[in-house]
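Q: The structure that follows is given in the form of structure tokens.
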Amino acid sequence: MQQFHTVYGGAVVEVVRDLQRARQAVLTARAAGKRVGFVPTMGALHEGHLSLIRRARRECSFVVVSIFVNPTQFGPNEDLDRYPRPFQRDVQLCAREGVDLVFAPSPEAMYPAGYSTYVDVEGITERYEGACRPGHFRGVATVVTKLFHIIPADVAYFGQKDAQQLAVIRRMVADLNFPLEIVACDTVRDPDGLAVSSRNVYLDPQQRRSALGLSRALFEARRRFQAGERSREALGTLMRRIMEQSGIAVDYADVVDPESFEPVDPATEQALLIVAGRVGQTRLIDNLPLWTPPPEPTH
Ligand code: AMP
């Protein structure tokens, strides 16, 4: 099935659900000498996604966005069913941004009856998000492998917001010799510091204020680091305390190597601050590199 949408002053984006058709469209673009940029998403597009799409648009002559809420990366008690799916709005946003192709397969097309092959990246997937969400990275690595085969791009764009996912994908691409480049894009934040996320819609106004504890913890710990603090324990404790004071149930707060996700002690300028916690039923993650100070939000 193939559809065409004309929106935003005549901007047209092709929406393809069929796997073979999507692959063919990308191969045709490549045969015409185009550089293909790919932005995998689960939809509910926001400024974070749009920053990836805009970077792809600047650097590539054919831009593909996939919209697929991947069931294999959700745990049994997670939010697969209630995950937001504003599909028409997403397609309009893609048209407005000049995306060439939206690939939106059905779960049945991606995982037909009898499906039984999964990709496991060892080591890095066992810590932090991997420990909190068993099976999550197996689902991510599997769907990204499938997407990279269906959409044979030159370059794929991922957000630093999901830093461990980025590290898992970089490891997998290197280990399995995927012939494409991975580009990481900085985390987009709301003006008050909260990292933009599709899951922020779950937060009521009070929970949203609580959620600011994540970015506040990260920026405060980075200030402490810049003032000379190098102890992993001290930085972790500081972040944990700030999150708890905001009413967040902390899953972890630590200083890690951004490639291996091993703890780093003492902290160095190559390290990454990572936090995760729950506000009500909503689980949120965030991170801040110690290496390039982006502009600080005003809390
Ligand atoms: P998702 O739809 O949540 O799977 O995210 C799709 C892509 O957008 C992933 O590479 C995410 O890391 C990226 N992304 C999500 N939120 C942000 C953000 N606030 N800033 C930058 N990238 C983001």
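Q: Using the heavy atoms of the protein chains and a 1.4 angstrom probe, tell me the accessible area per residue for the chain in square angstrom.
A: Per residue, the chain has an accessible area of 46 Å².
Q: Quick one: what are the phi-derived ³J(HN,Hα) couplings along the stretch 196-202, Karplus 6.51/-1.76/1.60 with θ = phi - 60°, whole Hz, x for glycine and proline?
A: 3J(HN,Hα) across the stretch 196-202, in whole Hz: 5, 8, 4, 7, 5, 5, 6.
Q: List the trypsin sites (Lys or Arg not before Pro) within the stretch 28-103 that fall in a DSSP loop (any state other than H, G, I, E or B) and whose Cβ has at most 13 other Cβ atoms within 10 Å.
A: Here the sparse-neighbourhood loop sites are 82.
Q: Rounded to whole Hz and in sequence order, give me ³J(HN,Hα) for the stretch 205-216 from the Karplus expression 6.51 cos²θ - 1.76 cosθ + 1.60, θ = phi - 60°, writing x for Gly and Pro.
A: Along the stretch 205-216, the couplings run x, 5, 5, 5, 5, 4, 4, 4, x, 5, 5, 4 Hz.
Q: Would you work out what percent of the accessible area of the stretch 198-289, with all protein chains in place, is carbon or sulfur (probe 1.4 Å)?
A: Details: 1810 of 4100 Å².
C and S fraction of accessible area: 44 percent.
Q: Pick out, from 211, 255, 272, the residue whose Cα sits farthest towards the positive end of the charge dipole of the stretch 198-289, with +1 on the Cβ of Lys and Arg and -1 on the Cβ of Asp and Glu.
A: 211
Q: Take the alpha-carbon centre of the stretch 36-81, take the same for the stretch 212-246, and report the distance between them in whole Å.
A: 30 Å
Q: Could you state the angle between the C-alpha long axis of helix 163-175 and the longest principal axis of the C-alpha atoms of the chain, as a value from 0 to 90 degrees rounded to the nearest 10?
A: Rounded to the nearest ten degrees, it is 60.
Q: Put one equal scatterer on each alpha carbon of the stretch 198-289, apply the Debye formula with no solvent term, and list log10 I(q)/I(0) at q = 0.11, 0.18, 0.24 1/Å to two decimals.
A: Values returned for q = 0.11, 0.18, 0.24 Å⁻¹ are -0.29, -0.72, -1.11.
Q: Go ahead and run the numbers for FRET between residue 204 and residue 227, Cβ-Cβ distance against an R0 of 41 Å, rounding to 0.05.
A: Working: r = 35 Å, r/R0 = 0.86.
So the FRET efficiency works out to roughly 0.70.
Q: Once you have all Cα-Cα distances for the chain, histogram them in 10 Å bins from zero and send the whole-percent values.
A: For the chain, the binned pair fractions read 6, 27, 35, 23, 9, 1 percent.
Q: Which of 123, 167, 86 sits closest to the plus end of the dipole of the stretch 85-171, meaning its Cα is farthest towards the positive end, when Lys and Arg get +1 and Asp and Glu get -1 on the C-beta?
A: Farthest towards the positive end: 86.
Q: Would you list 169, 182 from the most to the least accessible area, probe 1.4 Å?
A: 182, 169
Q: Same structure, new question: Within the chain, which is the longest segment that contains none of the GluC sites (Glu not before Pro) sitting in a DSSP loop with at most 11 other Cβ atoms within 10 Å? Mind showing how you got there, number by number?
A: Working: sites that count: 122, 269.
Free of exposed loop sites, the longest segment is 123-268.
Q: Would you work out what percent of the accessible area of the stretch 63-162, with all protein chains in place, is carbon or sulfur (probe 1.4 Å)?
A: Carbon-and-sulfur percentage of accessible area, whole number: 50.
Q: Over the stretch 39-182, what per residue volume does the convex hull of the Cα atoms give, in whole Å³?
A: 113 Å³
Q: Here's another thing I want to ask about it. Per-residue HN-Hα couplings for the stretch 273-279, Karplus 6.51 cos²θ - 1.76 cosθ + 1.60 at θ = phi - 60°, whole Hz, x for Gly and Pro?
A: 8, 10, 9, 8, x, 10, 10
The values are calculated or read from the model by the stated rules, or taken from the named source; none is laboratory data. These numbers were taken from a predicted model, which means no experiment stands behind them. Here the Cβ is made from the backbone with ideal geometry for all residues, glycine too, and neighbour counts use every protein chain on show. Just the protein is used for accessible areas: all its heavy atoms, side chains included, with ligands, DNA and RNA removed. Shrake-Rupley method; radii C 1.70, N 1.55, O 1.52, S 1.80 Å.
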